[in-house]
Amino acid sequence: MDPGRRLFRVLLRILPRDFRERNGAEMEEIAEELGSDRSSVGRVLVWLRASGNIVMTGARMRLAGAATQRRLRAVGGLPQDLGQATRVLRKRPVFTAVTAVVLGLGIGATTTIFSVLDGVLLRPLPYEASERIGILWHHFGVDAQSLPALNPRDVWDYRAWSEEFEAFTYGSGGDRLVTFQGESRITLTGSVEAGFFEFFGYEPELGRSIRPEDDLPEAERVAVLSHRTWVDIFGGDPDVLGESVSVGPDPYRIVGVLPPDFHLQLPAEALFLEDAEIWVPTRLDPEYSGTRSFTRFTGFGRIRPGSTFKRAQAELDRMAERLRTIAPEHETGQLRAEIVPLQVDVVKHVRPVIRLLFGAVALILLISCVNVANLLLARGHARGWELSVRAALGASRRRLFLLVFSESAFLSLAGGVLGVGLARVGVEGLNLLARDAVPRLDAVTLDGRVLLFAGAASILAAVLSGFLPALRAARGGSAAVLSGPRRSTPGRAGHRFRDGLVVVEVALTFVLLVGTGLVLRSFTNLLTVDPGYVAEGRLAFRLAPPRASYPDADARVMFYRELEERLRTLSGVREVSAVNQLPLTGQGYAQGYAYDEETLDAWDRVSADGRWVAPGYFRTLGAHLVAGREFTEADVDSGARVVIIDDRLARQAFPEGGAVGRSLVTNRRGGTHEIVGVVEHLRLHDLSRPVLTQLYAPLRFAGEFSGRDHFSVVIHADGALDELGSVIRRVVAEIDPEVAVQDVGPMERLVARARGPDRIALVLMAILGATAVALASVGLYGVLSFFVGQRRKEIGIRMALGQRRRSIHGLVVGRGMRLVALAVAIGFAASLAAAPRLAPLLFRVSPLDPATHLGVIGLLGLCAGLACWLPARRTMRIQPVEALRVE
């Protein structure tokens, strides 16, 4: 088509309807006289300028006088720009939908992870002056206790000496057998000092709190219920005050109910204190003078307004030094005290994973923006004739820039709306997937802060995806209108610019895929870790015989043996045993020990994870006994002072070997136990690494040994474990219906829960990696499709001159793969730079792992090859005669 007629077609689209109606006859006359020379183009432009002053507003051309032009310049053309963008994009629904979805994916993923980062890491804890609350850690040297656990006497001394702290408090707890309205159940119970709830800024919703007079040994036993217990057990009855509940063997009078928003949030290392269902006073004697090695309490400190944690830590160091001079336990234990902001401590284990995910979604957003920028550049070249006409008719560069940028803004707005919808779905999915694995996940919500972030992400996406296409459009001029037919290609500079965007996109995808591959390798390694026991085919449950019916150890032993005998008769049951605490359910009792004079002198710095197990426990659990034997019924009945240790403790204490038959000091006053067996180390807390050495004693079901009102039974059975669970409840009820049975289920659930954070990170990284690959493939496909379309005439000429189709096919594929090769090189360099930050998150895999990098290169090569092959395949269908007709 000659340039004059092409110009006339563009004018029919952009001229206002009223102008065309007024000048229709003259336009038809000009159209009939238009020729193929450039003078016809000039005639059209001269006629338009003579018809009125033309002001380009970006939405359409308006014909107006000078006064109207000044008013329009004063008001600006943004509304018109947006209106024009809306109409243009509405005419191209496929392009609009694709770009909005691409941006929506990036904005939605980023908003979802930001909501987690905001709710978990950034938002303050729901306590009064939470930014000033810290948790107290006591460290006792290498291979010794290093936990937020201390003795109440230490807190009393801190309270008396401190000037930087405004207040201190402490508490303990554990699972106890609690009887509510005649029904017994194993219930998480907190034991706290007076003022504990007020320390966190809470008053009871009903009744009163624990008072100082309640916290004395001779005081009446009182209890405060959590709100959920009040609702679940007592139906929210306001007359609950004054009613009695039994905690263990003792009756307690209910004096208060906590508000529904009180939830105690603690780090995983807080062993005994948890967000309890019922709270009771510690009832400690103010003259209590027991050993400070008894560290079953968690302590908190709130620094004074205007102070800092740095100054508080300096004062705590001085107070710890003073404690070492007055307390022999702390002198030998080389006590070091630390105050850690509570919010930091609660989320420290998930902080690296959340930051990794936020970095990954930021890459997704960048990839989405680069993709859309490439699409807009390609579309900008396709509509270059129209933009040149607008420039020739008087549109300024600023107006052309705003016209194109407004389209990007509209697409980003649509992507932002879609992204918020995707983020809502993502947050709900995360709550279902990671509720038990990520602390504070209940605080994650799409509130105003998150929506504000989504808006900022949409604006950023508009700038990143639309600025460069708009700038290139504004740099064009009216020369293209007067220079005859459009070029068959956009020019080398245009191709290089779009190629550069594809390289950036694929390089970012490479970095993200490397991270995903490393997380996958890390999780695979975690799956292959031998924890030292076999969870498959094992069923576990907790039992709590009431103290009133089983007042002493002998009665409990008789109950357990009757239960064990009945369970062994069940179909499919192979082994039965018991333990005071199952693996992967928290820290055990810190059992001190010594094997020579040096360790005896350093008693408070050397401890093992103490567990009490019934005969046959290691056999039932599938653990490997390295040497010696298991406990026997005779050991339990005779009260023999025997222990089984793990192989790590055996190598530490007896490096020359022969641990069986030797003795360990297990009491500071000289009590010893004979070692009768050595078991392979069991990973009781962390599947990724060994923690403390382990020491096992016979389970005699006495409170002073088990430390709890309950114990756990483990069954090794064949067949369906779910069906066995219902049978177990019936068997226990036949023996004694008052015995509480809880948490019946396969032990595999404990292992799965321990792997939960790693599994969540893997799933999310895999989703993000797949999204990045899809976006990068689409981007590469789009660039090569544009390349083929722009060079269609050239390809037709090549074919007409005899070049083979296979050669032309290789030209297109080779171009795409060269871009991918350059992107991989850049991405590899970027992944090397990011390696130090990834290393702490990985398990048994190097961030420079060759297999992962090669696998990512192979995957990208495969996807890129497909993305290159599809446009190249179109060249095989080009007919030279048809191609040569195209301008």
> residue 745 is checked against (1) farther than 26 Å from residue 177 by Cα; (2) at pLDDT 85 or above and fails just one. What number does that condition carry?
Replying inline: (1)
>> If I filter region 669-682 for residues that are surrounded by fewer than 19 Cβ atoms within 10 Å (Cβ to Cβ), touching a residue at least 12 places away in the same chain (Cβ under 8 Å) and in contact with a helix residue (DSSP H, G or I) (Cβ under 7 Å, 6 or more places away or on another chain), do I get at least one hit?
In response: yes
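I need a count of the residues in region 431-475 that are farther than 26 Å from residue 409 by Cα, in contact with a Ser or Thr (Cβ under 9 Å, 6 or more places away or on another chain) and at pLDDT below 85. Quick ask: steps written out before the conclusion?
Residues of region 431-475 farther than 26 Å from residue 409 by Cα: 431-445.
This time we only want the ones that are in contact with a Ser or Thr (Cβ under 9 Å, 6 or more places away or on another chain), so: 444-445.
After this cut, where a residue has to be at pLDDT below 85 as well, the list is none.
Qualifying residue count for the region: 0.
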> Pick from region 252-275 the residues that are more than 25 Å from the chain's Cα centre (by Cα) and not hydrophobic (A, V, I, L, M, F, W, C): which of them is nearest to residue 173 (Cα to Cα)?
Replying inline: 252
>> If I filter region 142-189 down to residues being of a type in the set (S, T, N, Q) and not in a strand (DSSP E or B), which single residue comes out as least open to solvent (accessible area, probe 1.4 Å)?
In response: 151
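Just the residues that are over 17 Å from residue 545 (Cα atoms) and modelled with pLDDT of 90 or more, please, taken from region 572-592. Break it down stepwise before answering.
Narrowing region 572-592 to residues over 17 Å from residue 545 (Cα atoms): 572-576, 582-592.
Listed by number, the residues that qualify are 572, 573, 574, 575, 576, 582, 583.
Please pick out the residue among 827, 816 that is modelled with pLDDT of 85 or more, open to solvent by less than 80 Å² (accessible area, probe 1.4 Å) and in contact with a helix residue (DSSP H, G or I) (Cβ under 9 Å, 6 or more places away or on another chain).
On the way: 816 fails: modelled with pLDDT of 85 or more.
Being modelled with pLDDT of 85 or more, open to solvent by less than 80 Å² (accessible area, probe 1.4 Å) and in contact with a helix residue (DSSP H, G or I) (Cβ under 9 Å, 6 or more places away or on another chain) holds for just one of 827, 816, which is 827.
Can you tell which of 566, 611, 574 is under 28 Å from residue 543 (Cα atoms), open to solvent by less than 40 Å² (accessible area, probe 1.4 Å) and basic (Lys, Arg)?
Working: 566 fails: open to solvent by less than 40 Å² (accessible area, probe 1.4 Å); 574 fails: open to solvent by less than 40 Å² (accessible area, probe 1.4 Å).
From the options 566, 611, 574, the qualifying one is 611.
Kindly indicate the residue of region 221-235 that is part of a loop (DSSP other than H, G, I, E, B) and at pLDDT 95 or above and also nearest to residue 180 (Cα to Cα) among those meeting that condition. Show your work before the answer.
Restricting attention to region 221-235, the residues satisfying the condition of being part of a loop (DSSP other than H, G, I, E, B) are 221, 226, 235.
Then keep just the ones that are at pLDDT 95 or above; that gives 221, 226.
Values: 221: 15, 226: 13 Å.
The extreme case among them is 226.
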> Exactly one of (1) open to solvent by less than 70 Å² (accessible area, probe 1.4 Å); (2) in a strand (DSSP E or B) is unmet by residue 253. Its number?
Replying inline: (1)
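The values are calculated or read from the model by the stated rules, or taken from the named source; none is laboratory data. Bear in mind that the values here come from a model prediction, so they are computed numbers and not experimental data. All Cβ positions, even for glycine, are placed from backbone atoms using ideal geometry, and neighbour counts span all protein chains on display. To get the accessible areas, we keep the full protein, side chains included, count just its heavy atoms, and leave off ligands, DNA and RNA. Shrake-Rupley method; radii C 1.70, N 1.55, O 1.52, S 1.80 Å.
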